[in-house]
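Here the structure comes first, spelled out in structure tokens, and everything after it is commentary.
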Amino acid sequence: MTKPTILTGLRANNDLTIGNYFGAILPMVDMAKQKAGEYQINMFIPDLHSFTTPINHDELQEQIMNNARLFAAAGLPLDHDDIYLYRQSYISAHSELTWILNCFTGVGEMGRMTEFKDKTAKIGDDRVSVGLFNYPVLMAADILLYNADLIPVGDDQRQHLEFARDIAERMNSRFGDVFVVPKPVKEQHEFFGKDQGLRIKDLQDPTKKMSKSDDSGKGVIFLGDDPEAAAKKIMSATTDTEGEIHFDREKQPGISNLLEILTLLRGGDLQQTIGEFEGQTRYGEFKKVVANETKAFLATFQERLAAVSDEAITAKLRASESAMTQTANATLRRAQQTVGLRPKDS
Ligand code: TRP
């Protein structure tokens with residue numbers, strides 16, 4: 001019996017922040033560790049998705065490798081038989097199935113995707129690629145090729161996941177059972193459970209998400225930041241004039257953000273962190289605690305990252321890519337037969 005598959009991809013481009021680490025990478029790795037054994041875990045690097053918006057292509061190769069190293073440094077067990085780690089572009093079925101699915105996808109339905117609309121609004125029609133436009137089709141192929149049931153994604157990817165379900169159902173109702181339809185998003189949420197809901201905000205403007213696109217970089221802590229410099233960023237984080245520490249995202253977004261960051265860095269519980277600092281009046285001292293914890297976390301993480309063996313990573317990628325090519329090609333063949341590109345008995 002094959003095990004049910006959990007599948008997830010994390011985009012490779014751009015410098016990742018502690019927000020990406022605690023919000024995406026670490027939860028993914030923890031989930032993989034917890035569910036492997038009972039489930040097959042497909043973690044992949046969607047490198048074809050990396051340049052749906054413009055990037056520096058000289059850096060892509062290094063970013064892809066770094067992505068894989070990050071998973072390992074975050075604790076992904078490379079020697080587990082149920083865990084596969086692969087690069088999307090190394091398995092050509094992704095591109096091939098995308099083409100087939102493209103031809104069953106409406107221009108209108110792609111144009112309604114929020115991520116597409118937002119980016120188009122930001123950078124303008126002429127600079128938006130067709131790749132960005134039909135990126136959800138490639139994402140659907142990523143999922144359907146492996147008969148994946150469960151796909152842990154954030155809210156921003158929810159619409160794309162719904163599309164993967166739609167296109168699978170559309171193909172199945174037209175051609176008979178071609179694809180496994182991923183579980184409804186609601187069931188996925190039930191399966192993966194709610195995390196603590198902690199989201200790291202920008203240090204200079206704690207009303208917005210900490211994001212690599214911040215211009216000055218002062219409000220953002222990157223995983224590659226010098227630990228000392230990162231501690232300074234914490235010390236100069238925006239707070240308020242209330243004069244007392246309380247967890248209140250509305251009135252004290254800066255202090256609340258620091259309380260959340262500290263909780264994530266320590267791997268603890270928010271209520272406990274709040275209990276420790278509630279009512280205290282010395283913001284400077286509190287910041288120092290957060291700054292020290294940040295420094296220690298980055299130093300340890302960077303050490304672990306440097307210790308990741310590239311040979312081990314490459315071996316894992318190659319083995320996974322070879323195994324997953326078999327799975328993906330079997331699904332692709334089914335789709336090709338369905339649409340008449342291959343004889344039914346081939
Ligand atoms: N689009 C996802 C993101 O930007 C990455 C991704 C690509 C993905 N293909 C996927 C996630 C398939 C889950 C399943 O975060």
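The values are calculated or read from the model by the stated rules, or taken from the named source; none is laboratory data. Predicted model only: the values in this text are computed from it and were never measured. Positions of Cβ are backbone-derived with ideal geometry, glycine not excepted, and every protein chain shown enters the neighbour counts. Only protein heavy atoms, including side chains, enter the accessible area calculation; ligands, DNA and RNA are left aside. Shrake-Rupley method; radii C 1.70, N 1.55, O 1.52, S 1.80 Å.
Of note:
- Looking only at residues in segment 137-153 that are of a type outside the set (Gly, Ala, Ser) and closer than 23 Å to GLY23 by Cα, the one that is farthest from the ligand (Cβ to nearest atom) is ASP149.
- Every residue from segment 254-269 that is of a type outside the set (D, E, K, R) and open to solvent by 50 Å² or more (accessible area, probe 1.4 Å): GLY267
- From THR281, THR241, residue being free of Cβ contacts under 8 Å to residues at least 12 places away in the same chain, over 23 Å from the mean Cα position of the chain (by Cα) and part of a loop (DSSP other than H, G, I, E, B): THR241
- Taken together, the residues in segment 53-80 that are among the hydroxyl-bearing types (Ser, Thr, Tyr) and within 16 Å of the chain's Cα centre (by Cα) amount to 0.
- When GLN204, GLN159 are screened for being touching a Gly at 6+ places or on another chain (Cβ under 7 Å), on the phi < 0 side of the Ramachandran plot and either small (Gly, Ala, Ser) or open to solvent by 30 Å² or more (accessible area, probe 1.4 Å) (or both), only GLN204 passes.
- Boolean, ILE6 is assigned to a strand (DSSP E or B), modelled with pLDDT of 95 or more, more than 11 Å from the ligand (Cβ to nearest atom) and under 16 Å from the mean Cα position of the chain (by Cα): no
- One residue alone among PHE301, PHE247 is among the aromatic types (Phe, Trp, Tyr) and either touching a strand residue (DSSP E or B) at 6+ places or on another chain (Cβ under 8 Å) or outside any helix (DSSP H, G or I) (or both), and that residue is PHE247.
- Output for segment 32-45, where each listed residue is buried (at least 21 other Cβ atoms within 10 Å of the Cβ) and hydrophobic (A, V, I, L, M, F, W, C): ALA32, ILE41, MET43, PHE44, ILE45
- Listed by first and then second residue, the pairs linking a residue in segment 74-103 that is at pLDDT 95 or above to a residue that is among the polar types (S, T, N, Q) and part of a loop (DSSP other than H, G, I, E, B), with Cβ atoms under 8 Å apart and 6 or more places separating them unless they lie on different chains, are THR98/ASN134; ASN102/ASN134.
- You will find that of LEU97, LEU48, LEU85, LEU60, the residue that is open to solvent by 20 Å² or more (accessible area, probe 1.4 Å) and either more than 16 Å from the ligand (Cβ to nearest atom) or touching a Leu at 6+ places or on another chain (Cβ under 7 Å) (or both) is LEU48 and no other.
- Entry remark, segment 100-121: residues being closer than 26 Å to ARG342 by Cβ and either within 12 Å of the ligand (Cβ to nearest atom) or open to solvent by less than 20 Å² (accessible area, probe 1.4 Å) (or both) number 2 in total.
- With respect to the conditions (1) aromatic (Phe, Trp, Tyr); (2) in a helix (DSSP H, G or I); (3) open to solvent by 30 Å² or more (accessible area, probe 1.4 Å), PHE286 lacks only one, and its number is (3).
- Taking each residue of segment 20-49 that is farther than 21 Å from LYS212 by Cα and looking for partners that are acidic (Asp, Glu) and away from the ligand (no atom under 14 Å from the Cβ) with beta-carbon atoms closer than 7 Å, six or more apart or interchain, yields ALA36/ASP82; GLY37/ASP82; TYR39/ASP82; GLN40/ASP82; ILE41/ASP82.
- Test: residue in segment 162-169 that is within 12 Å of the ligand (Cβ to nearest atom) and among the small types (Gly, Ala, Ser): yes
- Verdict on ARG318 being touching a residue at least 12 places away in the same chain (Cβ under 8 Å), open to solvent by 10 Å² or more (accessible area, probe 1.4 Å), part of a helix (DSSP H, G or I) and not hydroxyl-bearing (Ser, Thr, Tyr): no
- Subset tally (residues that are surrounded by fewer than 20 Cβ atoms within 10 Å (Cβ to Cβ) and over 17 Å from ILE41 (Cα atoms)) for segment 134-150: 0
- Unique match (being at pLDDT 95 or above, under 17 Å from TYR21 (Cβ atoms), open to solvent by 10 Å² or more (accessible area, probe 1.4 Å) and in the same structural domain as GLU293 (by TED's automatic domain parsing)) among LYS251, LYS233: LYS233
- Exactly one residue out of GLY124, GLY131 is touching a residue at least 24 places away in the same chain (Cβ under 8 Å), of a type in the set (Gly, Ala, Ser) and surrounded by fewer than 17 Cβ atoms within 10 Å (Cβ to Cβ): that is GLY131.
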